Structures are given as structure tokens and as C-alpha cells.
């Protein structure tokens, strides 16, 4: 029956996870720092980890030192740290891109807000101008009215104009009775109708004049 080989692994990491892993692979663990300070050599079929220099310089009678079999726990720790750092950088880069996108969007929204604010300011200026124009017109009208009230001849002239206009609108009612002879048939008929006096459509001027009541 072939004897079981002895494998010695030199390490300074005696954490539970590291110890379980190495022992699971068949290694016998030794403290690398203490072994380096000791000049004696423990014979084994295979060596791994932080092998002391005097083991490496020993005669060829010793078993070959395994310096590069698989990934050592120390190297794996370095790899894990590097991987974690890389993932951290990637995450920070992603967050930075998101912040840039938010800032760009905020910049676009700010531009829209500024444009809308400018439009509202212009509208406010126009509204203010229209209000001032209206106020000026009111002031002008009030001034004209006050001046008109204090100008008696102007008021009399205006009253005469209004009365003249009313007379033009109702000529039949403003004409004296002694003018009926000079009226046309249509004017006579209009006058009779305004007085609710009936007449024949075919009546002559003389017949229409007879229908006019004597005042």
C-alpha cells in the first residue's frame, strides 16, 4: 500500500476560511514567520505558500518545493480586493453618468423655464401698457367732460344739434299744420298712420287732407 504523501503549507493567514480551505486540500499548515526564523527543515513530499528561503536552498534530497500550484490564498485575497475595487469604480462611474444625465435634464428644464419666464414678462409689459393707455383715455374723457360742463355755449350748441337730428328723424310730427298742403301723399299717409287714422290706399291728396284733424 502506497504511503500517504505529506504536504506542508506555510502561511501567516490562519483565518477559519483559509484554514478550512487548505486543510480540505490536504495541506499541513505551518506559520511562515516562525518557520523562516528556524533553520531546521521539516521533511515533506511537497511544500506550498510562503516557503522559507532555507527550504528552497536545501539539497535535492528534499522533495520538490511546489511554488506555483494553483492560486494561493494570499494571491486570491489580492485578486478579490482588486475585483472589489474594480466593481466600486464601475459603480461610481455609473452614478457619475446618472448625475450628469440629471444635470443635463435640469439644464434643459431651466432653459424652458427661462423662455417661459421671458414670455410672461413680455405679456406683462404689454398688459401694463394697455392698462396705462386705457387710464390715459379715461383721464382725457373726464377732462373733456369737465371742460364741456363749464362751457355753456358749447352745451347749447350740442343741444341744438341733438334737437335738429331728432327733427330730421320725425319730419311729419315737427311740421306745422299749415304746411300740410305742401306735403306729398306719402308724407300725409305717414302722418295719418302715426295718428291711427285710417285711409284708403287709393285716396287722393285732397281726400287725405280732409282726414287730418283740425287743431
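Compute the FRET efficiency between residue 102 and residue 23 as 1/(1 + (r/R0)^6), taking r as their Cβ-Cβ distance and R0 = 45 Å, and round to the nearest 0.05.
E between residue 102 and residue 23, to the nearest 0.05, is 0.30.
What is the packing order of peptides 12-21, 119-128, 46-55, taking the mean over residues of other C-beta atoms within 10 Å and listing the highest first? Can you show the working numbers first?
Numbers: 12-21: 12.3, 119-128: 10.0, 46-55: 18.3.
Highest mean packing first, the order is 46-55, 12-21, 119-128.
What FRET efficiency comes out for residue 154 versus residue 117 if R0 is 45 angstrom and r is the Cβ-Cβ distance? Round to the nearest 0.05.
0.30
I need the calculated FRET efficiency for the pair residue 161 and residue 127, taking r as the beta carbon distance and R₀ as 35 Å, to the nearest 0.05.
Between residue 161 and residue 127 the formula returns 0.35.
Kindly rank 197-209, 32-44 from highest to lowest mean number of other beta carbons found within 10 Å of each residue.
32-44, 197-209
Readers should treat all values here as calculations from the given coordinates under stated rules, not as data from a laboratory. Because the structure is predicted, anything quoted here is derived from the model rather than measured. Backbone-built Cβ (ideal geometry, glycine too); neighbour counts: all protein chains shown.
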